[in-house]
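The values are calculated or read from the model by the stated rules, or taken from the named source; none is laboratory data. If you're wondering where the values come from, they're calculated on a predicted model, not measured in any experiment. In this analysis, Cβ positions are derived from the backbone assuming ideal geometry, glycine residues included, and neighbour counts consider all displayed protein chains. What goes into the accessible areas is simple: the full protein's heavy atoms, side chains included, and nothing from ligands, DNA or RNA. Shrake-Rupley method; radii C 1.70, N 1.55, O 1.52, S 1.80 Å.
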Amino acid sequence: MLKAFIFDVDGTLADTERHGHRVAFNQAFRDFGLDWSWSEETYGELLEVTGGKERIAHYVKTRGKPERERADLDALIARLHAGKTENYVALLERNAIPLRSGVQRLLREARERGIRLAIATTTTPQNVTALLTSALGEDSIGWFDVIGAGDIVPRKKPAPDIYQYVLRQLGLDAGDCLAFEDSFNGKIAARDAGLETVITCNGYTVNDDFSGAALVLDRLGDADRPSRVLQQKLQQDYLTVDTIERILQ
Ligand code: XBP
Ligand code: MG
């Protein structure tokens, strides 16, 4: 019997990268008078690096941006990222980014079945709270026994740290849990923490390598919006707790 579902956030609970984080980054660059701008395509390339601060640093290093004293750059990145986080939270408060198909139903099913819920994400904790509050209401934050996010661990995905942290906080073994992810980096992080993983890919990750995942879908799906199976098998139009347990058995 599965004891807990551990959810990634960006790209899994909601499609936040293209129209959420990227927009918030670009607004921060404008606010700081920088002539930087991330197109949807450029952002897709930059997503190979997890973590907003790390992604800005990678951009500066790889896109021939003026080389500032290390210290200055770190300080600039910290301020830029703080501004970006404010922009992202404000964006979610203005118009919620909807949860992906099937997420709200599966969360409800899991709670009805006594399966604990947790989050293991690279994004900043305020972003998780803002997304859950805007999409499910403030009470939904309490649905999750553990929310592991951002800099709470030393290394970000694909390192397993955030999943190991969440498992410790849950007091559970990886074998009692299932991870839900959307990207190669996420798959590796969950795998290296000993977790089976269900992948729901998205426009930015559809070509990622998901070999070794328990199941790869284009979405969790619902009766009115069935999921398409990309790897492994699913004897149903959409993923339910029952089908998950059958697959893992
Ligand atoms: C995805 C990430 C995050 C976000 C931006 O997180 O890599 O860095 O892109 O958020 P997830 P921050 O593990 O949920 O897929 O700017 O707050 O880092
Ligand atoms: Mg993700």
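Taking all protein chains together and a probe of 1.4 Å, list ASP182, ASP173, ASP242 from the most accessible to the least accessible.
ASP173, ASP242, ASP182
Out of every Cα pair in the chain, what percent are spaced more than 29 Å from each other?
Pairs farther apart than 29 Å: 27 percent.
Please find the FRET efficiency linking ASP139 to GLN169, where r is the Cβ-Cβ separation and R0 is fixed at 22 Å, and quote it to the nearest 0.05.
Using R0 = 22 Å, I get an efficiency of 0.60.
For region 1-55, what relative contact order do you get, as a whole percent, if you take Cα pairs closer than 8 Å and at least 6 residues apart?
20 percent
Quick one: which residues, 5+ away or cross-chain, put their amide H under 5 Å from the amide H of LEU230? H built at 1.01 Å from N.
Sorted by chain and number, the residues that satisfy this are VAL216, LEU217, ASP218.
Once you keep just the Cα pairs under 8 angstrom separated by 6 or more residues, what percentage relative contact order results for the chain?
22 percent
Any idea what the relative contact order of region 137-249 is, in percent, if you count C-alpha pairs under 8 Å spaced at least 6 apart?
Relative contact order of region 137-249: 16 percent.
How much accessible surface area, in Å² rounded to 10, belongs to the heavy atoms of LEU170 with a 1.4 Å probe?
10 Å²
Of THR129, TYR88, PRO154, which is farthest on the positive side of the dipole of region 86-172, counting Cα position, with +1 on Lys and Arg Cβ, -1 on Asp and Glu Cβ, and the Cα centre as origin?
PRO154
If I stretch the segment between ARG63 and ALA78 completely, what's the gain in nm (0.36 nm per residue apart, minus their alpha carbon distance), one decimal?
3.5 nm
Assign unit charges at the C-beta atoms only (+1 for Lys and Arg, -1 for Asp and Glu), then state the dipole size of region 118-249 relative to its Cα centre in Debye, rounded to the nearest 20.
Here region 118-249 has a charge dipole of around 340 debye.
For GLU86 and GLU112, what does the FRET efficiency come to when R0 = 35 Å and r is the distance between their Cβ atoms, rounded to the nearest 0.05?
The value I calculate is 0.45.
Note down the nm distance, to one decimal, between modelled labels 7 Å out along Cα→Cβ at ASP224 and at SER37.
3.7 nm
Would you work out the charge dipole size for the chain about its Cα centre, treating the Cβ of every Lys and Arg as +1 and the Cβ of every Asp and Glu as -1, and quote it to the nearest 20 debye?
Dipole magnitude for the chain comes out near 120 debye.
Taking the solvent-accessible surface of protein heavy atoms with a 1.4 Å probe, what is the per residue accessible area of the chain in Å²?
Using a 1.4 Å probe on heavy atoms only, each residue of the chain averages 45 Å².
What is the spin-label model distance, in nm, from ALA96 to MET1 if the labels are put 7 Å beyond Cα along the C-beta direction?
3.1 nm
Check which residues have an amide H placed less than 5 Å from ILE119's amide H, if you skip close sequence neighbours.
PHE7, VAL146, ILE147, GLY148
Note the full-extension length gain between GLU245 and GLU48 as 0.36 nm times their separation in residues minus their Cα-Cα distance, in nm to one decimal.
Result: 67.8 nm gained on full extension.
Between ASP237 and ARG30, what length in nm is gained on full extension when 0.36 nm per residue of separation is reduced by their alpha carbon distance?
70.1 nm
At q = 0.23 Å⁻¹, what log₁₀ I(q)/I(0) does region 1-99 have when each alpha carbon counts as one equal point scatterer in the Debye sum?
-1.31
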